[in-house]
Amino acid sequence: KQEVTQIPAALSVPEGENLVLNCSFTDSAIYNLQWFRQDPGKGLTSLLLIQSSQREQTSGRLNASLDKSSGRSTLYIAASQPGDSATYLCAVRAYSGAGSYQLTFGKGTKLSVIP
Amino acid sequence: EPEVTQTPSHQVTQMGQEVILRCVPISNHLYFYWYRQILGQKVEFLVSFYNNEISEKSEIFDDQFSVERPDGSNFTLKIRSTKLEDSAMYFCASSQGQGENYGYTFGSGTRLTVV
């Protein structure tokens, strides 16, 4: 059964700092990996999708990398801003049998960017 | 940008009552999902739906739960007799395909409170 772990659980940084969020997964046979942002009491906003054949994806100040063989992904946020404060969720998509594909989520990293 | 729409945003119900959570997936998406997130816990898979039938369900999705696509646009989750432990944020999601280049788009969620 796929397990996804995110470290650290919480992170507080001063504005302007670059930071890295970590995600690890136990089964490397994944289809893709998505990073989501979740604001308190709100829905999940997709930030980046990395296909299993890709090593990284970039969107603005965000860069996500994927190392399938070691079961790891990182989300790099450059020049952090207070508006980046949220919980960041990593989710891996894999074949779960019976023709279906599931997303398995980590518990998230709660990021606070201090002005 | 296309969105997944969920209604209501918040529902309070008494234990034992039936509730229906509603979702309008993105119009050209073919795969539909329900996930839930109990406060402070991971986002968990409930059920996936394709071609008007359930393709997979988790052990959480017992006989008290059902899903339906009553017309060409809506996708509903029904809980027949709610329990206190059903209190959670319920997320609907949709996907255009199953390949590695397809991600999930989530709605903003319905917060269900069972009292």
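Key figures
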{"quantity": "Total residues in the stretch A:103-112, condition assigned to a strand (DSSP E or B), at the interface with chain B (Cβ under 8 Å from one of its Cβ atoms) and open to solvent by less than 10 Å² (accessible area, probe 1.4 Å)", "calculated": "2"}
{"quantity": "Strands (runs of 3 or more DSSP E) completely within the stretch B:58-97 that count 3 or more residues being of a type outside the set (Ser, Thr, Tyr) and open to solvent by less than 60 Å² (accessible area, probe 1.4 Å)", "calculated": "B:75-79, B:88-95"}
{"quantity": "Flag if residue B:103 is under 11 Å from the mean Cα position of the chain (by Cα) and within 14 Å of chain A (Cβ to nearest Cβ)", "calculated": "no"}
{"quantity": "Spans of strands (runs of 3 or more DSSP E) in the stretch A:24-102 with at least 3 residues away from every other protein chain (no Cβ under 11 Å) and either open to solvent by less than 60 Å² (accessible area, probe 1.4 Å) or on the phi > 0 side of the Ramachandran plot (or both)", "calculated": "A:62-67, A:72-77, A:86-97"}
{"quantity": "Matching residues in the stretch B:13-40 - criterion: being open to solvent by 90 Å² or more (accessible area, probe 1.4 Å) and more than 12 Å from residue B:75 (Cα to Cα)", "calculated": "B:14, B:15, B:17, B:18, B:39"}
{"quantity": "Filter result for residue A:59 (over 22 Å from residue A:115 (Cα atoms), small (Gly, Ala, Ser) and in contact with a Cys (Cβ under 9 Å, 6 or more places away or on another chain))", "calculated": "no"}
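The values are calculated or read from the model by the stated rules, or taken from the named source; none is laboratory data. Owing to the predicted nature of the structure, the values given are computational and were not obtained by experimental measurement. All Cβ positions, glycine included, derive from the backbone under ideal geometry; neighbour counts span all protein chains shown. Each accessible area value is taken on the protein alone, full model and side chains, heavy atoms only, with ligands, DNA and RNA left out. Shrake-Rupley method; radii C 1.70, N 1.55, O 1.52, S 1.80 Å.
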